[in-house]
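Student: The structure's right below; bear with me while I get my questions together.
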Amino acid sequence: MKVLVPVKRVIDYNVKARVKPDQSGVDLANVKMSMNPFCEIAVEEAVRLKEKGVATEVVIVSIGPAQAQETIRTALAMGGDRGILIQSDTDVEPLAVAKLLAAVAKEEGADVVVMGKQAIDGDNNAVGQMLSTLLDWPQATFASKVEIAGGKAVVTREVDGGLQVLEVDLPAVITADLRLNEPRYASLPNIMKAKKKEIATKTTADYGVDVVPRLKVLKVTEPAKRSAGIKVENAAELVTKLKTEAGVL
Amino acid sequence: MAVLVVADNDNAQLRDTTHKTVTAALAISGDVDVLVLGQGADAVAAAAGKIDGVRKVILAEGADVGHGIAEAICDTIVGLAGGYDAVLVPATSAGKNFAPRVAARLDASPISDVIEVVSADTFVRPIYAGNALETVQTADKTKVLTVRPTAFKAAGEGGSAPVEKTAAASAAKSRFQSEEMVKSDRPELTAAKIVVSGGRAMGSAEEFQKVIEPLADKLGAAVGASRAAVDAGYAPNDYQVGQTGKVVAPALYIAIGISGAIQHLAGMKDSKVIVAINKDADAPIFQVADYGLVADYKAAVPELMAALG
């Protein structure tokens, strides 16, 4: 069984994004970049499927600038077998990303796509669902537990107010939520081994997908800042203030 | 141009996230219909008909849509979408599950988590965990938007829109197996007027229950948690407030033992009044708190309970 894991290079989740003064976007120059945390969880899950003997090959794919190759290497160091970089120096919208991934999934003959539920830059939470639609595969999003056997996946999903268990036929698209697993750190020997693993470089044109943005970004601004209020001395003063000043109790 | 709002419901009750999404829809068009997807959801459809400004309610019933199966919901919406210029969905876990599918089927670029309607084709949405706001314009024939409910006021009730029935689609490759809903007498996190949240400082699940829950119950509040507390296993995942969890905007948010990581602030900074209790005077949470109490929660929370009477 072949697992395809798309990964995205994004601003490190510990770094605060700064808006450019000309309101054209977020400043990514000289900012620490890492693999999107939800993608790490997806890679971990795919590698565990391979370790359990369920999967035979884990293929990592990323769409982004040349540096996204580092993100793919990280995934290969975690246990991915080989990588595909679809190089693009401009932002690719979720719809076009889904179309590119659909082309890759077909070309590779993937049996399952395991990917993060959202990237922490655009915060769209859309690509997995769109990919599943375009491929006409079932989807199981926001997964906190995945069991694959007999051509089916039984997925426990994080839903509003609790958990839902869904059974989907393979091939399928599964998107990872936070609690699916705790991603491993790559060991030094595995990092060295990953350097020798194959990464194929492609362009968006290779897949015949139109990546011209549909949405026009008019501006990117900073949200209104919330200013710090006052410090209270003790709990009694806090309750008084909440009752009389804020009027919320 | 008409707009279709997809109702948020559990087959029995209509959630007020729907009313809030109707408000966003009315900013786009005066012709707003509400689609109720469910099974045995007549009461939900009737409730949707009462929302002010709604032209008509479409009730599509079926077992799969009643279980929230995305493929069935998507096919049902796509079947109706031809009559609309925009489809608006509350940005809940359920809504996010199917809205992008609908967009892909309509070859539209979905716009997630809309917090402001600038005009019929221009919307504001948060990116980077709310550290930046993006204003985007779309030329898609049918726009597909998810709407962040906390950013809009709920539409009132007083209408009496007619209810039309139609059959819902089913899903061929996905099957519902079971669900396990958290049963609680507390208000729902995203709808609560007061939220009491605990952080990693609690140190254990027992301590979290002992400290946070009684205070929440005293205030009639919902319970929240930081990602650090959830990751450490002190609180269940659906308590999580933040970029990767739930976004809340209650009248009063009380953060206890929460340092205020960027990702947590993204989920609660639109609360009306924020209270922070933390023993570290330099904790970032104090930069957004209206009232800060620098104290060990172990002493402060019992005092707070006493002061509340």
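The values are calculated or read from the model by the stated rules, or taken from the named source; none is laboratory data. As the structure is a computational prediction, the values presented were derived from the model and not from experiment. Every residue, glycine as well, gets a Cβ built from its backbone with ideal geometry; the counts of neighbours run over all protein chains shown. Remember, those area values only see protein heavy atoms, side chains included, never the ligands or the DNA or RNA. Shrake-Rupley method; radii C 1.70, N 1.55, O 1.52, S 1.80 Å.
Student: Among A:LEU178, A:LEU101, A:LEU238, which one shows the biggest mean-square fluctuation in a GNM of chain A, springs joining Cα atoms closer than 10 Å?
Tutor: Its mean-square fluctuation being the largest, the pick is A:LEU238.
Student: If you don't mind, another one. So, in Å, what gap is there between the alpha-carbon centers of the stretch A:157-235 and the stretch B:33-80?
Tutor: 30 Å
Student: When only alpha-carbon atoms are used, what values of Rg and Dmax, in angstrom, describe the protein assembly as shown?
Tutor: Spelled out, the Cα radius of gyration and Dmax of the protein assembly as shown are 23.2, 69 Å.
Student: If you take each beta carbon of peptide A:239-246 and count the beta carbons of other chains within 10 angstrom, what is the mean? Could the numbers behind the result be given before it?
Tutor: Numbers: counts 7, 1, 4, 10, 2, 0, 3, 7.
Going residue by residue through A:239-246 and averaging, the value is 4.
Student: Let me ask something else about it. What distance in nm lies between label points placed 7 Å from Cα along the C-beta direction at A:ASP91 and B:ALA27?
Tutor: 2.0 nm
Student: Keeping all protein chains in the complex and leaving out DNA, RNA and ligands, what accessible area do you get for B:LYS165 with a 1.4 Å probe, in Å² to the nearest 10?
Tutor: The value for B:LYS165 is about 130 Å².
Student: Now a separate question. Between chains A and B, what is the buried accessible area summed over both chains (1.4 Å probe, protein heavy atoms, nearest 100 Å²)? Don't skip to the answer; put the middle values down first.
Tutor: Working: alone 14330 and 14510 Å², together 22020 Å².
Interface between A and B: roughly 6800 Å².
Student: How much accessible surface does A:VAL232 have with a 1.4 Å probe, in Å² rounded to 10?
Tutor: Rounded to the nearest 10, the figure is 10 Å².
Student: Hey, another quick one. Please give the net charge around B:ARG125, taking every other residue with its beta carbon less than 10 angstrom from that of B:ARG125, where Lys and Arg add +1 and Asp and Glu add -1.
Tutor: On the way: positive: B:ARG148; negative: A:ASP123, B:ASP113, B:GLU116, B:GLU134.
Spelling it out: positives minus negatives among the neighbours equals -3.
Student: Would you mind telling me the antiparallel percentage of the DSSP bridges in chain B, rounded to 5?
Tutor: Values: 11 of 58 bridges.
Counting DSSP beta bridges with both partners in chain B, the antiparallel share is about 20 percent.
Student: Related question: Grab the Cα-Cα distance for A:LYS196 and A:VAL31, subtract it from 0.36 nm times how many residues apart they are, and report the gain in nm with one decimal.
Tutor: Stretched fully, the A:LYS196-A:VAL31 segment lengthens by 56.7 nm.
Student: Roughly how big is chain A's charge dipole about its Cα centre, with Cβ charges of +1 (Lys, Arg) and -1 (Asp, Glu), in debye to the nearest 20?
Tutor: On the way: 33 positive and 33 negative charges, 110 e Å.
In total the dipole reaches around 520 debye.
Student: Another question, if that's okay. Ignoring ligands and nucleic acids, what accessible area does B:VAL117 show with a 1.4 Å probe (Å², nearest 10)?
Tutor: Accessible area of B:VAL117: about 30 Å².
Student: Can you send over the carbon and sulfur percentage of the accessible area for the protein assembly as shown, probe radius 1.4 Å, protein chains only? Spell out each step's value before the answer.
Tutor: Details: 10890 of 22020 Å².
That share works out to 49 percent.
Student: Using a 1.4 Å probe, what is the accessible area per residue for chain B, in Å²?
Tutor: That works out to 36 Å² for each residue.
Student: Taking square-rooted eigenvalues a ≥ b ≥ c of the alpha carbon gyration tensor, is the stretch B:31-102 rounded, prolate or oblate, where a/c under 1.5 means rounded and, failing that, a/b exceeding b/c means prolate?
Tutor: Numbers: a/c = 1.61, a/b = 1.17, b/c = 1.37.
Oblate, since a/c reaches 1.5 and b/c is not below a/b.
Student: On to the next question. Is the C-alpha gyration tensor of the stretch A:67-150 telling us rounded, prolate or oblate? Criteria: a/c under 1.5 is rounded; beyond that, a/b larger than b/c is prolate, otherwise oblate.
Tutor: Details: a/c = 1.38, a/b = 1.15, b/c = 1.20.
Rounded shape, in that the Cα axes give a/c under 1.5.
Student: Oh, and also: Counting partner chain Cβ atoms within 10 Å of every residue's Cβ in B:244-255, what's the average? Can you show the working numbers first?
Tutor: Numbers: counts 10, 3, 1, 0, 0, 0, 1, 4, 5, 1, 2, 0.
That average works out to 2.
Student: Report relative contact order for chain B in percent, whole number only (criteria: Cα-Cα under 8 Å, sequence separation at least 6). Mind showing how you got there, number by number?
Tutor: Working: 715 pairs, mean separation 45.9, N = 309.
15 percent.
Student: Any idea of the accessible area per residue across the stretch A:1-85, 1.4 Å probe, to the nearest Å²?
Tutor: Values: 3400 Å² over 85 residues.
Accessible surface, normalised per residue, equals 40 Å².
Student: If you don't mind, there's one more thing I want to ask. Would you kindly state how much longer the chain becomes between B:LEU80 and B:LYS56 on full extension, computed as 0.36 nm times their sequence separation minus their alpha carbon distance, in nm to one decimal?
Tutor: The B:LEU80-B:LYS56 span can extend by a further 7.3 nm.
Student: Have a look at B:ALA221, B:ALA171, B:ALA266 and tell me which one the Gaussian network model of chain B (Cα, springs below 10 Å) gives the largest fluctuation.
Tutor: Answer for the Gaussian network model of chain B: B:ALA171.
Student: Moving on. Which of the DSSP-defined H helices in chain B satisfy a minimum axial length of 20 Å, computed from C-alpha atoms, and a minimum mean Kyte-Doolittle hydropathy of -0.5? Let's see the in-between values first.
Tutor: On the way: long enough: B:205-219 (21 Å, -0.28).
Passing helices, by number: B:205-219.
Student: Calculate, for B:ALA12 and B:ASP217, the FRET efficiency according to 1/(1 + (r/R0)^6) with r their C-beta to C-beta distance and R0 25 Å; round to the nearest 0.05. Working shown, then result.
Tutor: Values: r = 25 Å, r/R0 = 0.99.
Taking R0 as 25 Å, the efficiency between B:ALA12 and B:ASP217 is 0.50.
Student: So which residue, out of B:PRO110, B:PRO284, B:PRO90, gets the largest mean-square fluctuation from a GNM of chain B using Cα contacts under 10 Å as springs?
Tutor: B:PRO284
Student: Could you rank B:LEU88, B:LEU265 by how accessible they are, 1.4 Å probe, largest area first?
Tutor: Values: B:LEU88 0, B:LEU265 30 Å².
From most accessible down to least: B:LEU265, B:LEU88.
Student: Here's a follow-up. Express as a percent, rounded to the nearest 5, the fraction of DSSP beta bridges in the protein assembly as shown (both residues included) that run antiparallel.
Tutor: Working: 42 of 119 bridges.
Antiparallel bridges: around 35 percent, rounded to the nearest 5.
Student: Turning to a different aspect of this structure: As a test of the formula, what do you get for chain B when each DSSP H run with n ≥ 4 contributes -39,500 (n - 2.57) and the sum is divided by the residue count, at 222 nm and rounded to the nearest 500 deg cm²/dmol? Show your work: numbers first, answer last.
Tutor: Numbers: 9 runs with 86 residues, N = 309.
Estimated from H runs of four or more residues: -8000 deg cm²/dmol.
Student: When the Cα centres of the stretch A:60-137 and the stretch B:167-193 are compared, how far apart do they sit, in Å?
Tutor: The distance from the Cα centre of the stretch A:60-137 to that of the stretch B:167-193 comes to 29 Å.
Student: Shifting gears a bit: Suppose R0 equals 51 Å. What FRET efficiency, 1/(1 + (r/R0)^6) with r the Cβ-Cβ distance, do B:ALA251 and B:GLU164 give to the nearest 0.05? Don't jump to the answer; show the numbers that get you there.
Tutor: Values: r = 37 Å, r/R0 = 0.73.
Result of the calculation: an efficiency of 0.85.
Student: In deg cm²/dmol and to the nearest 500, what is the mean residue ellipticity at 222 nm of chain A if only DSSP H runs of at least 4 residues count, each as -39500 (n - 2.57), divided by the residue total? Walk me through the numbers on the way to the answer.
Tutor: Details: 6 runs with 67 residues, N = 249.
Dividing the helical sum by the residues of chain A leaves -8000 deg cm²/dmol.
Student: Report, in degrees rounded to the nearest 10, the 0 to 90 angle that the Cα long axis of helix A:94-108 makes with the longest principal axis of chain A.
Tutor: 20 degrees
Student: Taking the 0 to 90 degree range and rounding to the nearest ten, how far is the long axis of helix A:37-51 tilted relative to the main principal axis of chain A, both from C-alpha atoms?
Tutor: 40 degrees
Student: When you count, for each residue, the other Cβ atoms within 10 Å and take the mean per peptide, how do A:50-63, B:55-68 rank with the highest first?
Tutor: Values: A:50-63: 19.1, B:55-68: 21.1.
Taking the mean over residues of other Cβ atoms within 10 Å, the ranking is B:55-68, A:50-63.
Student: Something else now. Rounded, prolate or oblate: which one fits chain B, using the alpha carbon gyration tensor with axes a ≥ b ≥ c (rounded when a/c is under 1.5, else prolate when a/b beats b/c, else oblate)?
Tutor: Values: a/c = 2.11, a/b = 1.80, b/c = 1.17.
Prolate, since a/c reaches 1.5 and a/b exceeds b/c.
Student: From Cα pairs below 8 angstrom and at least 6 apart in sequence, can you work out the relative contact order of the stretch B:153-309, rounded to a whole percent?
Tutor: Working: 265 pairs, mean separation 28.5, N = 157.
Averaging sequence separation for qualifying contacts and normalising by length gives 18 percent for the stretch B:153-309.
Student: If I fit a long axis through the Cα atoms of helix A:68-78 and take the longest principal axis of the Cα atoms of chain A, what angle between them do I get, 0 to 90°, rounded to 10?
Tutor: Approximately 80 degrees, to the nearest ten.
Student: Nearest 20 debye, what's the magnitude of the dipole of the protein assembly as shown about its Cα centre given +1 on Lys and Arg Cβ and -1 on Asp and Glu Cβ?
Tutor: Result for the protein assembly as shown is approximately 820 debye, rounded to the nearest 20.
Student: What aspartates and glutamates does B:LYS141 reach when the alpha-carbon gap must be under 15 Å and sequence neighbours fewer than 8 apart in one chain are set aside?
Tutor: Partners within reach: B:ASP85, B:ASP107, B:ASP121.
Student: For an R0 of 60 angstrom, estimate the FRET efficiency from the Cβ-Cβ distance between A:GLU237 and A:ASP206 and round to the nearest 0.05. Before the final figure, lay out the partial values.
Tutor: Numbers: r = 66 Å, r/R0 = 1.10.
According to the calculation, E is roughly 0.35.
Student: If you don't mind, another one. Counting partner chain Cβ atoms within 10 Å of every residue's Cβ in A:205-217, what's the average?
Tutor: Working: counts 0, 0, 0, 0, 0, 0, 0, 0, 2, 10, 12, 7, 5.
Per residue, the average neighbour count from other chains is 3.
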